Amino acid sequence: MKFGPLIGKEIGNTTATANLIFERQIGPHRASGVGFTYRLRERWHFHPHFEPGIEAFGNLGPIDNFNSPNRQEHMIGPVAHGKIGEFSYDIGYLFGATGATADGTLKAILEYEIEF
């Protein structure tokens, strides 16, 4: 089960968002405790076809005893968003900021919108 606020703010030609996520596993084979992750994004509304930005993702571990910094996962990097016709894309490269995180992660999402 996941729960958390999604906070957004328009600042001039940019949009900043923060998604703070609290997660608890349920069921017979669950892990104990409540975990905490975050997703941060800053997007510049340059053109509908191309909106550059920066994103950061992280996992701090259980809130009652956060993982040590070298065991936490954090990544950050440049991204680009856009929409062309019915297609939208979200692509970027995120760099690992800790030893527990992969050195680099390619993020690519392509969507096709159908209205009905």
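Coordinate-derived values only; no laboratory data. Keep in mind it's a predicted model, so treat the numbers as computed, not measured. Quick reminder, even Gly has a Cβ in these numbers, built from the backbone with ideal geometry, and neighbours come from all protein chains shown.
When you count the other C-beta atoms within 10 angstrom of each residue and take the mean per peptide, 8-14, 49-55 line up highest first as 49-55, 8-14. Of the residues Val79, Ala16, Ile114, the one whose Cα sits farthest towards the positive end of the charge dipole of the chain is Ala16 (charges of +1 on Lys and Arg Cβ, -1 on Asp and Glu Cβ, taken about the Cα centre). Once the gyration tensor of the Cα atoms in the chain is diagonalised, the equivalent ellipsoid follows with semi-axes of 29, 18, 14 Å, ordered largest first.
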